[in-house]
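Notes follow the structure.
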Amino acid sequence: TGRTSALSQDSVGYDSEGCVINYAGVSTMTQAEVSASARKLVTLIDVGGHKRFIKTALNGLTAMTPDYAMLCIPCPPSDPARIASDPLSDIMIEHLTAAIGLGIPLILVITKADLGQEAVSAVHERLMSLFTSS
């Protein structure tokens, strides 16, 4: 189903010139080696997005103390009925609210933008209404 209750984590290491050290070609570096040799380190944490796993997602947002949260928001299909309804699911709004409540800066990524400008506009308008309603 693609649904998981697990938190997953991976890191990308950068050298002093900003080049990736552990994903250039085939890398056999362990996580410890990447951490030890990287000049800068970006750790990516993936939390479950299904409503059944909200406690796991909240655990990831609180226990792993991220510097930023990135929420991927898919555009609705080009079906006018779907666009007219709320393009954001309840769980997306919960994740968004949790990150804001915890003071974690957000990066919002609108995906599936190739579905049309009307779909992108619907997501944008809904996001703007959430941010201006408080």
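The values are calculated or read from the model by the stated rules, or taken from the named source; none is laboratory data. Predicted, not measured: the structure shown is a model, and the values here were computed from it. FYI the Cβ positions are ideal-geometry reconstructions off the backbone, even for glycines, and counts take in every protein chain you see. Heads up: the accessible areas ignore ligands, DNA and RNA and are worked out on the full protein's heavy atoms, side chains in. Shrake-Rupley method; radii C 1.70, N 1.55, O 1.52, S 1.80 Å.
With the condition kept exactly as written, say whether any residue in the stretch 109-120 is on the phi > 0 side of the Ramachandran plot and modelled with pLDDT of 80 or more. Yes, some residue in the stretch 109-120 is on the phi > 0 side of the Ramachandran plot and modelled with pLDDT of 80 or more. For the stretch 65-80, filtering for residues that are over 16 Å from LEU106 (Cβ atoms), out of contact with any helix residue (DSSP H, G or I) (no Cβ under 7 Å at 6 or more places or on another chain) and at pLDDT 75 or above leaves 1.
For ALA32, the conditions (1) in contact with a strand residue (DSSP E or B) (Cβ under 7 Å, 6 or more places away or on another chain); (2) of a type outside the set (Ser, Thr, Tyr); (3) at pLDDT 80 or above all hold with the exception of (1).
I'd like to check something: does the stretch 40-55 contain any residue that is over 23 Å from SER129 (Cβ atoms), outside any helix (DSSP H, G or I), at pLDDT 85 or above and open to solvent by 70 Å² or more (accessible area, probe 1.4 Å)? So far as the stretch 40-55 goes, yes, one or more of its residues are over 23 Å from SER129 (Cβ atoms), outside any helix (DSSP H, G or I), at pLDDT 85 or above and open to solvent by 70 Å² or more (accessible area, probe 1.4 Å).
Look at (1) hydrophobic (A, V, I, L, M, F, W, C); (2) part of a helix (DSSP H, G or I); (3) farther than 20 Å from SER11 by Cα; (4) at pLDDT below 80 and you find that LEU88 fails only one, number (2).
Among the residues of the stretch 102-120, write down those that are within 11 Å of ALA69 (Cβ to Cβ) and part of a loop (DSSP other than H, G, I, E, B). Correct list: LEU102, GLY103, ILE104, PRO105.
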